[in-house]
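Here the structure is laid out as C-alpha cells; the discussion comes afterwards.
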Amino acid sequence: MMKLSGRTTIGKIMLMGAVLMLTSLVACAQKQKKETPKKTTKNMEWNKLTKEEEDVIVRKGTEYPGTGKLLNNKEKGTYTCKRCNAPLYRSESKFESECGWPSFDDEIKGAVERIPDIDGMRTEIVCANCKAHLGHVFIGEGFTAKNTRNCVNSISMNFVPDAK
Ligand SMILES: [Zn+2]
C-alpha cells in the first residue's frame, strides 16, 4: 500500500512538472510571435506622435545633437519610420560620424526621398512612404566608401532588432 501511494505522488509531481514546462513553452512561443507593426500608407493608421515627435517629423525641426535615443545604438536590426513603420535603414549602414545624430551611408532601396532645400544649401530627407521629415543628407564628406551621410533624427525612427 505504502509503495503504491508513493508511486502515485511521484506520478503527480512529474505530471505537474510537465504541465509547468508546457506552460512556459507556450508563453515563450507567444512572446516570439509578437509582430512588429506593419508599414502603412493610410494616414488614419499612422502612429500617434507626441508633441516632441511632431516638432521634428511634421514641422521639420531638429533634435538637440547628442541626445537621440538611437545615436549610439550598435545592435543589429532595422530602423523604421516612427510614423508609418516603413523600414528606412539597416544597422549595417550606420556609422559613427560624431556629428551628434545617427548617421547612415545608405538607405533601404527606395525608402528615403531627397528634397533640395529651397535655399539650395542642404538636401532634406523624408520617408518615401509618408513624407515624415528624417533629417538631411550630405555627400562627399569622405566618412565611408559610399561618401554619403544620412543625418537622421533619432526621434524620427524606431528600431526593430533582428530576431536572434
Ligand atoms: Zn513614414
remark   = All conditions in (1) buried (at least 17 other Cβ atoms within 10 Å of the Cβ); (2) in contact (Cβ under 8 Å) with a residue 40 or more places away in the chain; (3) closer than 24 Å to LYS42 by Cβ are true of PHE104 except (3)
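For residues that are surrounded by 12 or more Cβ atoms within 10 Å (Cβ to Cβ) and over 15 Å from LYS94 (Cβ atoms), scanning just region 139-164, find the one that is nearest to the ligand (Cβ to nearest atom).
Our first condition is that a residue be surrounded by 12 or more Cβ atoms within 10 Å (Cβ to Cβ); within region 139-164, this holds for 141, 143-144, 146-161.
If we keep only those that are over 15 Å from LYS94 (Cβ atoms) as well, we get 141, 147, 155.
On the way: GLU141: 26, ASN147: 26, ILE155: 13 Å.
Filtering region 139-164 for residues that are surrounded by 12 or more Cβ atoms within 10 Å (Cβ to Cβ) and over 15 Å from LYS94 (Cβ atoms), the one nearest to the ligand (Cβ to nearest atom) comes out as ILE155.
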task = Output the qualifying pairs, or none if there are none: Cβ atoms under 7 angstrom, residues six or more apart or on different chains, first residue in region 119-139 and polar (S, T, N, Q), second residue within 16 Å of the ligand (Cβ to nearest atom) and not in a strand (DSSP E or B).
result = ASN129/LYS39; ASN129/THR41; ASN129/CYS84; ASN129/ALA86
task = Tell me the strands (runs of 3 or more DSSP E) entirely within region 66-153 that contain at least 1 residues that are hydrophobic (A, V, I, L, M, F, W, C) and in contact with a Pro (Cβ under 9 Å, 6 or more places away or on another chain).
result = 77-81, 148-152
ask   = Is it true that some residue in region 117-130 is under 21 Å from LYS39 (Cα atoms) and under 13 Å from the mean Cα position of the chain (by Cα)?
value = no
ask   = Does region 89-100 include one or more residues that are crowded, with 17+ Cβ neighbours inside 10 Å and more than 17 Å from the chain's Cα centre (by Cα)?
value = yes
note = Residue pairs within 9 Å by beta carbon, gap of at least six or interchain, first lying in region 40-64 and of a type in the set (A, V, I, L, M, F, W, C), second at pLDDT below 95, listed first then second, are TRP46/THR40
remark   = Note: among THR40, THR50, THR67, THR78, just one is among the polar types (S, T, N, Q), over 29 Å from LYS164 (Cβ atoms) and either surrounded by 14 or more Cβ atoms within 10 Å (Cβ to Cβ) or at pLDDT 75 or above (or both), namely THR50
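Are any residues in region 104-136 among the hydrophobic types (A, V, I, L, M, F, W, C) and within 16 Å of the ligand (Cβ to nearest atom), and if so, which ones? Please lay out each step first, then the result.
Filtering region 104-136 for residues among the hydrophobic types (A, V, I, L, M, F, W, C) gives 104, 108, 111-112, 115, 118, 121, 125-128, 130, 132, 134.
Once the filter is applied, which keeps residues that are among the hydrophobic types (A, V, I, L, M, F, W, C) and within 16 Å of the ligand (Cβ to nearest atom), region 104-136 yields PHE104, ILE108, ALA111, VAL112, ILE115, ILE125, VAL126, CYS127, ALA128, CYS130, ALA132, LEU134.
The values are calculated or read from the model by the stated rules, or taken from the named source; none is laboratory data. All figures in this text were calculated on a predicted structure; none of them were measured in a lab. Because the Cβ atoms are built from the backbone with ideal geometry, glycine has one as well, and the counts that use them run over all protein chains shown.
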